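Enquirer: Encoded as structure tokens, here's the structure I'll be asking about.
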Amino acid sequence: MKHTIAILVEDQPGVMSRVAGLFTRRGFNIDSIAVGPSEAPGISRMTIIVNGDHKVLEQVTKQLNKLIDVICVRDIPVENILERELVLVKVHTESLSVRAEIIQLVEIFKAKVVYVERNTLTIEMSGDEEKVSGFLKLLAPFGVKEVVRTGRIAIARSNK
Amino acid sequence: MELTGTEIIIEGLKQEKVKAIFGIPGAAILPFYDTLGKVGQLPFKNILTRHEQGAVHAADGYARATGEVGVCVVTSGPGATNLVTGLANAYLDSVPLVAFTGQVPTDMVGNDAFQEVDIIGITLPITKNNYVARKTENLASIIKEAFYIARSGRPGPVLVDLPKDVQLDRCSFKYPEKVNRKGYQPSYRGNIRQIKIAATKIREAKKPVIIAGGGIISANASGELKKVALKTNIPVVTTFMGIGSFPVNHPLSLGMLGMYGNYVANQVVSEADLIIALGTRFDDRITRNLKHFCPYAEIIHIDIDPAEIGKNVLVKVPLVGDVKIILQQLINYLEEKDNESWLAEITSIKERYLKYTAQKEDPRQEKLKPKYIIDCLNDFFKGEAIVVTDVGQHQMWTANHFQFIHPRSFISSGGLGTMGFGLPAAIGAKIGCPEKAVICISGDGSLQMNIQELATAIYNRLPIIVILMNNGYLGMVRQLQELFCEGRYISTSLSGNPDFVKVTEGYGGVGFRVEKKEDFYPILKRAFQMNRFVLLDCHIPEDEKNFPMVQPGSSLNNMIGVDQL
Ligand SMILES: Cc1ncc(C[n+]2csc(CCOP(=O)(O)OP(=O)(O)O)c2C)c(N)n1
Ligand SMILES: [Mg+2]
């Protein structure tokens with residue numbers, strides 16, 4: 001079972017390794033981790049996707065809370081989640097017809113071609129987990145050269 | 001007023017009322033030691049150990065004996081890495097320490113400079129928190145915070161890394177009055193609704209037992225524990241770390257729980273219908289096979305660390321906070337109770353076990369044996385001593401047989417099981433509590449892991465009595481090999497042991513070799529009267545065991561080395 005955890009941390013040097021180290025040390029499985037500044041100065045927000053049952057989630061939350069640099073930890077429930085991930089994909093385009101096919105997919109998925117070369121297209125797209133993996137799966141047969149993903153970020157729809 | 005970084009550190013130590021520091025200098029921490037050299041009358045004792053592991057264990061022993069924060073100061077690189085075992089030791093046993101490490105100057109950090117290591121990275125998982133002082137301006141608040149975090153909430157070790165230039169630079173000094181960290185707000189008072197539920201459970205229970213852990217000792221809550229136990233007539237078992245939290249000579253005391261625990265304690269916990277767990281983390285050494293751990297009981301768990309609740313066992317009534325405060329709150333809701341039939345049942349288990357052990361003891365046996373040694377210590381000290389142990393069979397014999405009646409009178413490495421802890425920790429304990437008798441019970445294997453600290457103890461004229469239980473073996477491992485490896489004694493014989501009496505004498509101390517049973521008591525008496533550092537090299541048989549014990553994977557009430565009673 002996957003859980004999305006949003007945490008606020010003080011912007012101290014080493015805070016990333018503290019958080020990441022905790023997961024390795026306690027044997028928790030991280031799917032992805034994403035960090036960036038939050039609305040408050042000096043405070044960053046991390047989104048962590050962790051795999052495990054209810055008990056794992058409880059321990060993860062409590063252990064994260066114990067880190068001095070961690071200000072708060074929140075598990076965002078699935079029914080209230082809004083999540084996005086950004087990907088950049090470079091695909092091989094050997095012929096014009098293939099290129100056209102790919103561009104069609106880009107349109108369907110509301111993605112964007114951001115760079116064009118003779119034999120490749122670089123595409124940007126964002127969406128939730130399902131959309132991103134669906135898109136990548138359809139691109140795979142064309143010969144994907146490189147995929148870069150930011151890791152998921154998430155926000156609760158409403159603050160109930 | 002402008003101060004240098006090192007003057008700020010020393011001011012900080014004064015403000016925190018530090019009375020002793022332990023350490024070894026080196027290039028990267030030279031400015032600090034030089035400033036100490038310039039201060040005429042030092043505001044605290046400065047103890048030079050002979051190894052940094054000795055320094056951190058001494059600070060640890062000091063902290064456990066006094067309840068105050070232990071401090072050590074070492075240089076960068078190897079000085080810092082030599083702290084690793086000691087920090088892990090303190091972390092697992094929740095001991096408040098602040099360790100200062102020298103570091104190469106900030107402009108050289110990251111270049112693999114001479115004696116540079118990333119001690120922050122290395123100690124990340126074994127400290128409660130750690131800091132690099134990047135600017136002299138940050139020092140005062142870092143020191144304030146380090147001490148506050150080490151001693152508050154669930155205590156633990158904190159490390160402060162001090163680049164050399166930060167020690168030398170100057171800035172104005174003001175010691176902060178308060179620490180304010182959004183991410184660190186330990187809660188101390190218990191939730192009243194939960195407390196009432198706990199009180200009801202206690203009233204309704206037919207077979208309640210208290211498990212008292214190390215948290216009772218760190219919270220100084222022995223008085224509260226005693227009041228609660230006496231008001232409700234609930235028997236008390238302690239964990240290894242909880243030894244001393246409840247006097248073992250009290251009728252409600254059942255001794256230590258767990259792998260090498262007391263037979264009665266293990267039986268009673270397995271029969272209980274309610275466990276009141278106080279400041280304990282249900283370590284696998286006390287629960288053994290979790291599936292069979294107290295099968296009939298509901299658990300009330302009181303602990304300062306929310307992460308401990310529900311970590312290993314299912315808890316019915318969780319209560320987060322300072323166990324001292326929560327027990328004070330709880331007692332108001334408790335009714336007096338006699339638990340008559342439960343106590344009668346326990347008494348009969350106790351009597352059966354006493355009869356059994358009495359039968360097994362042979363009064364005519366003439367060898368010097370560990371149990372006899374500890375009986376003599378009981379006769380002589382009557383519990384009025386601080387007992388520091390190393391790790392091995394001698395440790396478990398001590399834990400089981402010494403008559404501990406005061407909190408902080410048993411100092412031993414629990415969570416990490418660190419051989420080599422004993423002697424330096426005894427040094428720290430004696431420096432912290434000079435008015436108390438300090439005994440170090442060690443093994444021939446363990447003592448050699450920090451034997452260089454004989455110099456520290458003897459040079460500083462510390463009247464510690466070392467009882468060396470010399471069995472010529474890494475005895476505890478030998479026991480496992482005997483029981484579970486068909487007697488293949490690989491790498492456990494300590495042939496090549498030195499003459500420990502001569503070694504002690506070589507350092508300027510006094511040593512006695514004790515081989516005969518009848519010699520032990522008179523020599524102990526003489527050693528005590530000498531009021532100086534004395535080592536008793538006690539030669540005991542190699543095949544003495546820690547019995548009874550619970551095998552890995554087994555349930556608590558299924559002990560070997562004892563007949564089913
Ligand atoms: C630093 C360290 N290394 C290894 C061990 C594993 N170990 C546990 S007990 C023990 C034997 C201890 O021997 P000794 O100090 O002579 O005590 P005895 O069991 O003989 O009383 C060993 C090797 C340990 N606990 N700590
Ligand atoms: Mg031995």
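The values are calculated or read from the model by the stated rules, or taken from the named source; none is laboratory data. No experiment lies behind these values; they were computed from the predicted model shown. Cβ coordinates were reconstructed from backbone atoms using ideal geometry, including for glycine residues, and neighbour counts include every protein chain displayed.
Enquirer: Check B:Asn497, B:Asn450, B:Asn470 and return the single one that is more than 22 Å from B:Met549 (Cα to Cα), polar (S, T, N, Q), within 14 Å of ligand 2 (Cβ to nearest atom) and modelled with pLDDT of 95 or more.
Expert: Only one candidate qualifies: B:Asn497.
Enquirer: Please go through region B:1-46 and give me each residue that is β-branched (Val, Ile, Thr) and buried (at least 18 other Cβ atoms within 10 Å of the Cβ), ordered by number. It would help to see each step written out before you state the result.
Expert: Taking region B:1-46 and keeping what is β-branched (Val, Ile, Thr), we get B:4, B:6, B:8-10, B:18, B:21, B:24, B:29, B:35, B:39.
Once the filter is applied, which keeps residues that are β-branched (Val, Ile, Thr) and buried (at least 18 other Cβ atoms within 10 Å of the Cβ), region B:1-46 yields B:Thr4, B:Thr6, B:Ile8, B:Ile9, B:Ile10, B:Val18, B:Ile21, B:Ile24, B:Ile29, B:Thr35.
Enquirer: Look at region B:298-316 and say how many of its residues are surrounded by fewer than 22 Cβ atoms within 10 Å (Cβ to Cβ) and over 14 Å from B:Arg154 (Cα atoms).
Expert: Matching residues across region B:298-316 total 8.
Enquirer: When region A:91-134 is examined, which residues are found to be polar (S, T, N, Q) and assigned to a helix (DSSP H, G or I)?
Expert: Selection gives A:Ser97, A:Gln104, A:Ser133.
Enquirer: So, of the residues in region B:466-491 that are touching a Leu at 6+ places or on another chain (Cβ under 7 Å) and more than 7 Å from ligand 1 (Cβ to nearest atom), which turns out to be farthest from B:Arg408 (Cα to Cα)?
Expert: Initially, region B:466-491 is screened for residues touching a Leu at 6+ places or on another chain (Cβ under 7 Å), giving B:466-468, B:472-474.
Checking the rest, the ones that are also more than 7 Å from ligand 1 (Cβ to nearest atom) come to B:466-468, B:472.
Values: B:Val466: 18, B:Ile467: 19, B:Leu468: 21, B:Gly472: 30 Å.
Once the filter is applied, the top-ranked residue is B:Gly472.
Enquirer: What number of residues in region B:14-42 are touching a residue at least 60 places away in the same chain (Cβ under 8 Å) and among the aliphatic types (A, V, I, L, M)?
Expert: Matching residues across region B:14-42 total 5.
Enquirer: Only one of B:Ile427, B:Ile411, B:Ile373 is at pLDDT 95 or above and more than 21 Å from the chain's Cα centre (by Cα). Can you tell me which?
Expert: Within the list B:Ile427, B:Ile411, B:Ile373, the selection yields B:Ile373.
Enquirer: When you go through (1) touching a residue at least 12 places away in the same chain (Cβ under 8 Å); (2) more than 16 Å from ligand 2 (Cβ to nearest atom) one by one for B:Thr357, which number turns out not to apply?
Expert: Against the list (1) touching a residue at least 12 places away in the same chain (Cβ under 8 Å); (2) more than 16 Å from ligand 2 (Cβ to nearest atom), B:Thr357 comes up short only on (1).
Residue-wise test of (1) within 19 Å of B:Gly508 (Cα to Cα); (2) within 16 Å of ligand 2 (Cβ to nearest atom); (3) touching a Ser or Thr at 6+ places or on another chain (Cβ under 9 Å); (4) outside the structural domain of B:Gly244 (by TED's automatic domain parsing).
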site: B:Ile411; (1), (2), (3), (4): no, no, yes, yes
site: B:Ala429; (1), (2), (3), (4): no, no, yes, yes
site: B:Glu435; (1), (2), (3), (4): no, no, no, yes
site: B:Leu462; (1), (2), (3), (4): yes, no, yes, yes
site: B:Ile465; (1), (2), (3), (4): yes, no, no, yes
site: B:Gly475; (1), (2), (3), (4): no, yes, yes, yes
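Enquirer: Look through region A:7-44, keep the residues that are under 12 Å from the mean Cα position of the chain (by Cα) and crowded, with 16+ Cβ neighbours inside 10 Å, and return whichever of them is farthest from the other protein chains (Cβ to nearest Cβ).
Expert: Restricting to residues being under 12 Å from the mean Cα position of the chain (by Cα) and crowded, with 16+ Cβ neighbours inside 10 Å, the top hit is A:Ser32.
Enquirer: With respect to B:Glu224, is the statement that it is more than 25 Å from A:Lys62 (Cα to Cα) and either charged (D, E, K, R) or within 14 Å of chain A (Cβ to nearest Cβ) (or both) true?
Expert: Working: more than 25 Å from A:Lys62 (Cα to Cα): yes; either charged (D, E, K, R) or within 14 Å of chain A (Cβ to nearest Cβ) (or both): yes.
Spelling it out, B:Glu224 is indeed more than 25 Å from A:Lys62 (Cα to Cα) and either charged (D, E, K, R) or within 14 Å of chain A (Cβ to nearest Cβ) (or both).
Enquirer: I want to confirm something. Restricting to region B:443-465 and keeping residues that are out of contact with any Asp or Glu (no Cβ under 6 Å at 6 or more places or on another chain), more than 19 Å from B:Gly432 (Cβ to Cβ) and within 11 Å of ligand 1 (Cβ to nearest atom), which single residue is nearest to the other protein chains (Cβ to nearest Cβ)?
Expert: B:Met449
Enquirer: Now for a different question. I'm checking my understanding of the structure. Among residues of region B:300-347 that are small (Gly, Ala, Ser) and within 27 Å of B:Pro251 (Cβ to Cβ), which one is farthest from the chain's Cα centre (by Cα)?
Expert: Top of the filtered list is B:Ser341.
Enquirer: Would you point out which residue out of B:Val158, B:Val132, B:Val95 is away from chain A (no Cβ under 14 Å) and at pLDDT 95 or above?
Expert: Going through B:Val158, B:Val132, B:Val95 in turn, just one is away from chain A (no Cβ under 14 Å) and at pLDDT 95 or above: B:Val95.
Enquirer: (1) within 16 Å of ligand 2 (Cβ to nearest atom); (2) within 27 Å of the chain's Cα centre (by Cα); (3) farther than 19 Å from B:Leu368 by Cα: which one isn't true of B:Tyr489, the others all being true?
Expert: Every listed condition holds for B:Tyr489 apart from (2).
Enquirer: Related question: Using beta carbons and a limit of 6 Å, which pairs, at least six apart or on different chains, have the first residue in region B:504-528 and over 14 Å from B:Phe380 (Cβ atoms) and the second one of a type in the set (S, T, N, Q)?
Expert: Final answer for the pair search is B:Gly511/B:Thr504.
Enquirer: Shifting gears a bit: Hey, any hits in region A:45-56 for a residue that's surrounded by fewer than 17 Cβ atoms within 10 Å (Cβ to Cβ), within 16 Å of A:Leu139 (Cβ to Cβ) and either out of contact with any Phe, Trp or Tyr (no Cβ under 9 Å at 6 or more places or on another chain) or outside the structural domain of A:Ser133 (by TED's automatic domain parsing) (or both)?
Expert: The answer is no; no qualifying residue exists.
Enquirer: What is the residue count in region A:61-88 for residues that are in a helix (DSSP H, G or I), facing another protein chain (nearest Cβ under 10 Å) and aliphatic (A, V, I, L, M)?
Expert: Here the count works out to 1.
Enquirer: I'd like the full set of residues that are hydroxyl-bearing (Ser, Thr, Tyr) and closer than 19 Å to B:Thr238 by Cβ, limited to region B:359-406.
Expert: Pass one, region B:359-406, residues hydroxyl-bearing (Ser, Thr, Tyr): B:372, B:389, B:398.
Passing the criteria: B:Thr389, B:Thr398.
Enquirer: When you scan region B:536-543, do you find a residue that is within 16 Å of ligand 1 (Cβ to nearest atom), surrounded by fewer than 23 Cβ atoms within 10 Å (Cβ to Cβ) and not in a loop (DSSP other than H, G, I, E, B), even just one?
Expert: yes
Enquirer: Looking at region B:355-371, which of its residues are part of a helix (DSSP H, G or I) and either surrounded by fewer than 19 Cβ atoms within 10 Å (Cβ to Cβ) or of a type in the set (Gly, Ala, Ser) (or both)?
Expert: To start, the set of residues in region B:355-371 that are part of a helix (DSSP H, G or I) comprises B:355-360, B:370-371.
Selection gives B:Lys355, B:Tyr356, B:Thr357, B:Ala358, B:Gln359, B:Lys360, B:Lys371.
Enquirer: If you check B:Asn233, B:Asn220, B:Asn180, B:Asn191, which single one turns out to be under 19 Å from the mean Cα position of the chain (by Cα) and of a type outside the set (Gly, Ala, Ser)?
Expert: B:Asn220
Enquirer: Within region B:185-204, how many residues turn out to be within 14 Å of chain A (Cβ to nearest Cβ) and in contact with a Ser or Thr (Cβ under 8 Å, 6 or more places away or on another chain)?
Expert: Going through region B:185-204 one residue at a time, the tally reaches 1.
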